[in-house]
1. Name the residue that is modelled with the highest pLDDT, counting only residues in segment 342-395 that are more than 16 Å from L260 (Cβ to Cβ) and of a type in the set (K, R).
2. Give the residues of segment 135-184 that are open to solvent by 60 Å² or more (accessible area, probe 1.4 Å), outside any loop (DSSP other than H, G, I, E, B) and β-branched (V, I, T), sorted by residue number.
3. Name the residues in segment 294-308 that are assigned to a loop (DSSP other than H, G, I, E, B), touching a helix residue (DSSP H, G or I) at 6+ places or on another chain (Cβ under 9 Å) and open to solvent by 30 Å² or more (accessible area, probe 1.4 Å), would you?
4. Of the conditions (1) touching a Cys at 6+ places or on another chain (Cβ under 8 Å); (2) modelled with pLDDT of 90 or more; (3) open to solvent by less than 50 Å² (accessible area, probe 1.4 Å), I191 clears all except one; give me its number.
5. For a quick check of your reading of the model, give me the residue pairs whose first member lies in segment 284-300 and is among the basic types (K, R), whose second is modelled with pLDDT under 85 and open to solvent by less than 90 Å² (accessible area, probe 1.4 Å), with beta-carbon atoms closer than 6 Å and at least 6 apart or on different chains.
6. Report the residue count in segment 237-293 for those that are hydroxyl-bearing (S, T, Y) and either out of contact with any helix residue (DSSP H, G or I) (no Cβ under 9 Å at 6 or more places or on another chain) or in a loop (DSSP other than H, G, I, E, B) (or both).
7. Among the numbered criteria (1) at pLDDT below 90; (2) within 30 Å of A371 (Cβ to Cβ), which single criterion is violated by G182?
8. Please go through segment 55-75 and give me each residue that is at pLDDT 80 or above and either closer than 19 Å to F27 by Cα or open to solvent by less than 10 Å² (accessible area, probe 1.4 Å) (or both), ordered by number.
Amino acid sequence: MINELFRTVGVIARHRSAPMVKERESFLCHRRGEGCSRSTLLRTACMLLWAARILGLSVERRFSPKQIRDLADRWTSRPHPCRSIDNHRSARTQFIGTVSGWLRFLDRLEDPKEAGSDRILSADLIEDYESWMVSERGLAPETIEACCRVARRFLRWYETMGRPFAEVRLTDIDAFLTGSCGEQQLARLTIATMAHRLRAFFKYAGTRGWCSGFIAPAIRGPRLYLQENLPLGPTWESVGKIFASMETTRRRDIRDRAMLMLVGIYGLRSSEVRNLQIDDIDWENDRISVLRAKHFQRQIYPLIPGVGNAIVRYLREVRPACSSRNVFVRLRAPFRGLSRGALHHAVSRRVRMLGIETPRRGPHALRHACATHLLAEGLSLKVIGDHLGHRSSEVTRVYAKVDLSGLREVAAFDLGGVL
């Protein structure tokens, strides 16, 4: 592999004389199998060469994530760690990802559980909590991941206090929520959601005897105003502008247009679009099957010609040939399914570009716009709830609050002299 990447005899000799040459070559072959370009493989080979020399990987040992971060600081402090990388932060991130991936590939990356007793305890708490949510509550994977993410974030923060988890106090939780809000300028709704998820975690921790059972009922988030949690999104005309703005020849626009049409027209959730499989589209019968994220049941939709044409164009012109069965994948190697924030970035970037005024700028805002449009067209809440995949009519009923034209008609309704 090294002979294929480099052409100069001296460079090849330098890479072959460094430690762990076989391990480095095997990882490079693995990365090439994932579809990485030659320039990416060259950059990876240079990083691995430097890491192998500094870490002394000839000795059988494991390395912690902190050691990798410290190594990245040393690497980026060099005059020109890699000529193709100009940004210091980008260089550090790429180095950490590359070296961590290599050590994980070699099974030489230390598991956080092995870093100390506190981390072992934290990992065990999260693992036990996650198992309970799966087996006892049957929550959706996205919900479980979100709950564990907040609990894990709190536990990492609490580890810096130097006290056992059994001694956690309500003031610690307040300090965590206040610090999160102050440092990252999170919205009140986000902080309230974090408080709700921490309340659920501490309720379970109290039943298991990990901490006091009086903590969970006392957790309070910031005050939310009456209309603050209403579904707010762009107008249906603005949604049309978003779709029209992506009718270009750019590869990213072609892919994003197909994804956002599924969100805006069918009202799919972000995870449902990201997890859509090739086999879920029945081209012969013009149908699309969606596995709902909340109730884990399949829902069949007719494949609208406009949406179908957008997906076909993406599959024919843009989607790279790869082993992934996901319809929508990354446009750059490694070719795999999209991350959780990919759709949010696609929507928010387009909203900013078009100057659309809307309180919410994520893919869920397009879902809200779809529901509001269906309500304005005269469809019942039951039909809208079925279209959106709601399990309860109570969830759909909130859209009645934003139907201003319908509310005005009710207010102007003549009751025949009763009033």
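The values are calculated or read from the model by the stated rules, or taken from the named source; none is laboratory data. The model shown is predicted, which means the values in this text are computed figures rather than measured ones. Quick reminder, even Gly has a Cβ in these numbers, built from the backbone with ideal geometry, and neighbours come from all protein chains shown. Heads up: the accessible areas ignore ligands, DNA and RNA and are worked out on the full protein's heavy atoms, side chains in. Shrake-Rupley method; radii C 1.70, N 1.55, O 1.52, S 1.80 Å.
1. Out of the qualifying residues, it is K382.
2. Initial filter on segment 135-184 (open to solvent by 60 Å² or more (accessible area, probe 1.4 Å)): 135-137, 141-142, 145, 149, 152-153, 156-157, 160-162, 164, 166-167, 169, 171, 174, 178, 183-184.
From the residues that got through so far, the ones that are outside any loop (DSSP other than H, G, I, E, B) too are 135-137, 141-142, 145, 149, 152-153, 156-157, 166-167, 171, 174, 178, 183-184.
Those that are open to solvent by 60 Å² or more (accessible area, probe 1.4 Å), outside any loop (DSSP other than H, G, I, E, B) and β-branched (V, I, T): T171, T178.
3. Residues of segment 294-308 that are assigned to a loop (DSSP other than H, G, I, E, B), as a first pass: 294-297, 303-304.
Now restrict to residues that are touching a helix residue (DSSP H, G or I) at 6+ places or on another chain (Cβ under 9 Å): 294, 303-304.
Within segment 294-308, K294, I304 meet the criteria.
4. Unmet condition: (2).
5. Qualifying pairs under 6 Å: R292/G389; K294/A140.
6. The first filter runs over segment 237-293 and keeps only residues hydroxyl-bearing (S, T, Y), leaving 238, 245, 248-249, 266, 270-271, 289.
Add one more test, that the residue is either out of contact with any helix residue (DSSP H, G or I) (no Cβ under 9 Å at 6 or more places or on another chain) or in a loop (DSSP other than H, G, I, E, B) (or both), and what stays is 248-249.
Looking only at that region, the number is 2.
7. Here G182 clears every test but (2).
8. Correct list: I68, L71, A72.
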